[in-house]
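Take a look at the structure set out below.
The values are calculated or read from the model by the stated rules, or taken from the named source; none is laboratory data. Since the model is a prediction, treat every value here as computed from it, not as a measurement. As a convention, Cβ positions derive from the backbone with ideal geometry for all residues, glycine included, and neighbour counts pool all protein chains shown.
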Amino acid sequence: MDVDEEGGRQDPGILYLYVDCPTMMRCFYGGSLPYNSTHGALITNLPPYQKDVSLGEVCRGLRQASGFFGYEDVIRSAYFAALSVPGYFVKLDGQMELTSTKGKSLTFDLYASNQLRLEPGALVRHGECKFGME
C-alpha cells in the first residue's frame, strides 16, 4: 500500500500526514489522527516522494510549522499517511517553506483539523517516505 515512486498519479485532493511508524499504523488500524500541532492534526500537500528535499529539511519545516516538539528526531516523520478528506481540514494562512537539496526555495500548503476521528476510507495510502539525501 506504499505510494508509487515518482511518476505516479498525483491527486491534488490527497494530503499527507508525517509521523513515525507506530503512529502511522494507529491511523491506519485505529481510524484516528494524532494531535501533532498547536492546531490539532497538521497535514500538508508535500508528497512523500519529493526527491529534491531531504528528510532533515522536512522535519525542520514541520517543526517550525507545527510549533510541536515531536519533529526533533527525523525518524518521527519518516512515514506518511495519505488522506483524502475533502472539507475535513482547514487550509492555514501560513505555509511550510523548505530549501531543496539544490538550494531552491519550495513552499507547501498546510492544513489542520481538530476532528481526530477519520471517516472510513479517508486513509488511502501509507508507507515509508522517499525523500532525497542531504
Conditions (1) buried (at least 19 other Cβ atoms within 10 Å of the Cβ); (2) at pLDDT 90 or above; (3) over 10 Å from the mean Cα position of the chain (by Cα) -> MET24 fails only (2)
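Could you tell me which of the residues VAL124, VAL90, VAL58 is at pLDDT 85 or above, within 14 Å of SER32 (Cα to Cα) and out of contact with any Gly (no Cβ under 9 Å at 6 or more places or on another chain)? Spell out the reasoning first.
Numbers: VAL90 fails: within 14 Å of SER32 (Cα to Cα); VAL58 fails: within 14 Å of SER32 (Cα to Cα).
Answer to the selection: VAL124.
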Within the range 93-121, the residues that are touching a residue at least 24 places away in the same chain (Cβ under 8 Å), over 20 Å from THR38 (Cβ atoms), part of a strand (DSSP E or B) and of a type outside the set (A, V, I, L, M, F, W, C) are THR99
Reported set for the range 36-68 where residues are within 20 Å of LEU118 (Cβ to Cβ), surrounded by fewer than 19 Cβ atoms within 10 Å (Cβ to Cβ) and under 13 Å from the mean Cα position of the chain (by Cα) is ASN45
Conditions (1) at pLDDT 85 or above; (2) farther than 13 Å from PHE131 by Cβ; (3) outside any helix (DSSP H, G or I) -> ASP4 fails only (1)
